[in-house]
Amino acid sequence: MLIIKDDFAYRASASENGRMRSFLRALGPGLVTGAADDDPSGIGTHSQIGAAFGYGLSWTFVLSFPLMVAIQQIAAEIGRVTGAGIARNLRRHYPRPLLWMVVSLLLAANIINLGADLSAMGAALALLAGGSSGFYTLLFGILCIVLEVGLSYPRYAAILKWSTLSLFTYVAVLFVAHVPWGTALRSMLVPDIRFSAAYATAFVAILGTTIRAFSLYPCWPARLPMP
């Protein structure tokens, strides 16, 4: 009886480990796409706004979060149903001039956002190590190009997947930042609106870095085989 019980326990443990490995293998495109929205330019924007206004704009998270979820859900559903991103669907159903106009706007937005991301990474490293933020920005750009060109797609995708573990640093920060939770929660529920150009600019920056139209485009996971 003990042998049978041990055999059942072993099989149950093996089955549980198999399900966990299957789950970890299934993580990938969706995880990376979602984590990529928490980009350096967004972190830099929120950091600067927090330094300037404290918790005064926390109420915008209650407004922007549902909109961000809706945008991401739309992108995922478009990819799941059609197997293609918005660009290809625009090509299928709308005139070609509209397609080129939208894709051109996307190209400009991506180039600007890429520059902002690299600049934010360079500025963050300069704060930690000193030196020139412009030089660090250049190094980060070269590093990204080398990784994308030099590594195979599966290898690069695996690196991106495991790099999402860095998001746990947000949890670690909560234990060392001494957040005044009462003030933070009150600011999320009670808007502290100020009528100034700086406040309006910060409000637009928060919405712009949270609810971005080009977040609809990364439907490339739709072209990958589903587990």
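Computed from the coordinates by the stated procedures, all read-outs in this text should not be read as laboratory data. Being a predicted model, the structure only gives us computed values, none of them experimental. Note that we place each Cβ from the backbone using ideal geometry, even for glycine, and neighbour counts take in every protein chain shown.
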Exercise. Within region 34-115, which chymotrypsin sites (Phe, Trp or Tyr not before Pro) sit in a loop by DSSP and count at most 16 neighbouring Cβ atoms inside 10 Å?
Worked result: 55
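Relative to the present Cα-Cα distance, how much length would full extension add between residue 74 and residue 135 at 0.36 nm per residue of separation?
18.1 nm
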For this session: Would you kindly derive the ³J(HN,Hα) couplings of region 156-165 from the backbone phi angles with the Karplus curve 6.51 cos²θ - 1.76 cosθ + 1.60 (θ = phi - 60°), listing them in order in whole Hz, with x for Gly and Pro?
Result: 5, 5, 5, 4, 4, 5, 6, 5, 5, 4
Problem set entry | Calculated Rg and Dmax of region 76-147 using C-alpha coordinates, Å | 17.8, 52
Exercise. Using r as the Cβ-Cβ distance of residue 172 and residue 100, and R0 as 30 Å, what FRET efficiency do you calculate, to the nearest 0.05?
Worked result: 0.10
Exercise. What ³J(HN,Hα) values, in whole Hz, does the Karplus curve 6.51 cos²θ - 1.76 cosθ + 1.60 give for region 89-98 when θ = phi - 60°, with x put for Gly and Pro?
Worked result: 5, 5, 5, 6, 10, 10, x, 4, x, 5
Problem set entry | Karplus (6.51, -1.76, 1.60) ³J(HN,Hα), θ = phi - 60°, over region 122-133, in Hz, Gly and Pro reported as x | x, 5, 5, 5, 5, 5, 7, 10, x, x, 8, 5
Exercise. For all pairs of alpha-carbon atoms in region 24-158, what percent lies in each bin of width 5 Å, listed from the first bin to the last filled one?
Worked result: 2, 8, 10, 15, 19, 17, 15, 9, 4, 1, 0
